[in-house]
Amino acid sequence: MKTAVKEMSNWNIEKIRADFPVLSQTVNGKPLVYLDNAASSQVPQVVIDRGAKYLREEHSNIHRGVHYLSQNATTAYEAAREKVKRFINAREAKECIFVRGCTEGVNLVAYSYGRKFVNEGDEILISAMEHHANIIPWQVLAEEKGAKLRVIPINERGELIIEEYENLLNERTKIVAVSHVSNSLGTVNPVKEMIATAHKFGVPVLVDAAQSVPHFPVDVQDLDADFYVFSGHKMFAPTGSGVLYGKKEWLDKMPPYQTGGGMIRTVTFEKTTYAGLPEKFEAGTPAIAANIGLGAAIDYLNSIDFAAAARYEHELLEYATEKLSAIEGVKLIGTAREKASVLSFTIENVHPHDIGTILDQSGIAIRAGHHCAQPVMQFFQVPATARASFAFYNTKEEVDVLADSIQKVIDVFA
Ligand SMILES: *Cc1c(COP(=O)(O)O)cnc(C)c1O
């Protein structure tokens, strides 16, 4: 059915792949084809080395120490925060709160902002393509407060229906929470325009950025996002690292989310006063090594020309889309005009879990399931999908292996 595919961008794929030690292994006797990047991405050697250096030479608790190791650890930790600030173009490093990941970032805002600013009869606006991490915290808040959760619908391509969004916004809306890129469909949402619209109503917007920061450069000031949350482990850093960016104007008005050590100014049994940003939101000992690793992952992205990486990866997605669409029996779920990284699909008469298991025998790692987005599955009336998700270290040859293996699945089951 399809035409020849144009040549890929000039991108030194061999060199890039060599940066990621995990990619050179074999699985079931076949070269690993890692296409589960939307669940978690792989970690380059420089990030592994940075984490190891901390553990070997610098390990110590941060902030409260006067000794040499503690000061070194604190310096490294705060340097990572500076890197995050520059990477997303925040105004100030203290607007970047380290959290355990995207899930904790959303929970923090739902709990803290929600507790203070959402009341009975208010409305919380999310979308029909959200990850459970950007649904349930709002649902719980709505239940507690007697507020109403409202949902921006999607169309058959898996795009937000923007006119409906505009109709749903009103003076009762207290927050909009929407993903920048959908993890189940790959849709890139027009968040900049959506934020501008919400701001006309004076409504702040939280952007779930778990699937945007690993795939293209972002600028929180240009987007004018009020909150922007993401996980380190989806952007080439270790698990346990992550960031909640919030505008200082909001974070200053919000109460702490967790309390304990590290977030106080003074404590007596009568009264506690809190530290300023970012410490106010970082109670307890954080994931020091992981967040230093996140800083190293950002250095790595800067070193490889991330914009070029994004272009290459997008071409790979287009190539894969063409190849899979050409296979009879494959149905793509999520065909938005603006997409990133993710290719969800089903095969007639084959359960996605079986697809995943059979592909694994060929060394291919994809994900099969509801991708923590059950409402999306309900909308498309499928129990689950198979999902291949790409990073800039994947290759055209890997896409070919994927397509051939899918064809084999169809041949066996047909
Ligand atoms: C993975 C993901 C999350 C949750 O991230 P955690 O790292 O599990 O906290 C939230 N939203 C989207 C869109 C995701 O892809």
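Selection of the stretch 227-242 for residues being more than 11 Å from the ligand (Cβ to nearest atom) and out of contact with any Gly (no Cβ under 7 Å at 6 or more places or on another chain) yields Y228, F236.
Just to be sure before I move on: is R172 charged (D, E, K, R), more than 16 Å from the ligand (Cβ to nearest atom), in contact (Cβ under 8 Å) with a residue 40 or more places away in the chain and out of contact with any helix residue (DSSP H, G or I) (no Cβ under 9 Å at 6 or more places or on another chain) in the structure I sent? For R172, the condition - charged (D, E, K, R), more than 16 Å from the ligand (Cβ to nearest atom), in contact (Cβ under 8 Å) with a residue 40 or more places away in the chain and out of contact with any helix residue (DSSP H, G or I) (no Cβ under 9 Å at 6 or more places or on another chain) - is met. Within the stretch 293-315, identify whether any single residue is free of Cβ contacts under 8 Å to residues at least 60 places away in the same chain, aliphatic (A, V, I, L, M) and either under 30 Å from L108 (Cα atoms) or in contact with a Pro (Cβ under 6 Å, 6 or more places away or on another chain) (or both), and answer yes or no. No; the residues of the stretch 293-315 include none that is free of Cβ contacts under 8 Å to residues at least 60 places away in the same chain, aliphatic (A, V, I, L, M) and either under 30 Å from L108 (Cα atoms) or in contact with a Pro (Cβ under 6 Å, 6 or more places away or on another chain) (or both). Condition (residue is touching a residue at least 60 places away in the same chain (Cβ under 8 Å), over 30 Å from V218 (Cβ atoms) and surrounded by 14 or more Cβ atoms within 10 Å (Cβ to Cβ)) applied to the stretch 32-47: is it met by at least one residue? Among the residues of the stretch 32-47, not one is touching a residue at least 60 places away in the same chain (Cβ under 8 Å), over 30 Å from V218 (Cβ atoms) and surrounded by 14 or more Cβ atoms within 10 Å (Cβ to Cβ), which makes the answer no. Counting only helices (runs of 4 or more DSSP H) that sit completely within the stretch 183-286, zero hold 1 or more residues that are under 20 Å from the mean Cα position of the chain (by Cα) and among the aromatic types (F, W, Y). Residues that are away from the ligand (no atom under 16 Å from the Cβ) and at positive phi were ranked within the stretch 67-121; the one that is nearest to the chain's Cα centre (by Cα) is N89.
The lone criterion from (1) within 18 Å of the chain's Cα centre (by Cα); (2) under 28 Å from L402 (Cα atoms) left unmet by P31 is number (1).
Readers should treat all values here as calculations from the given coordinates under stated rules, not as data from a laboratory. Being a predicted model, the structure only gives us computed values, none of them experimental. Cβ: placed from backbone, ideal geometry, glycine included. Neighbour counts: every protein chain shown.
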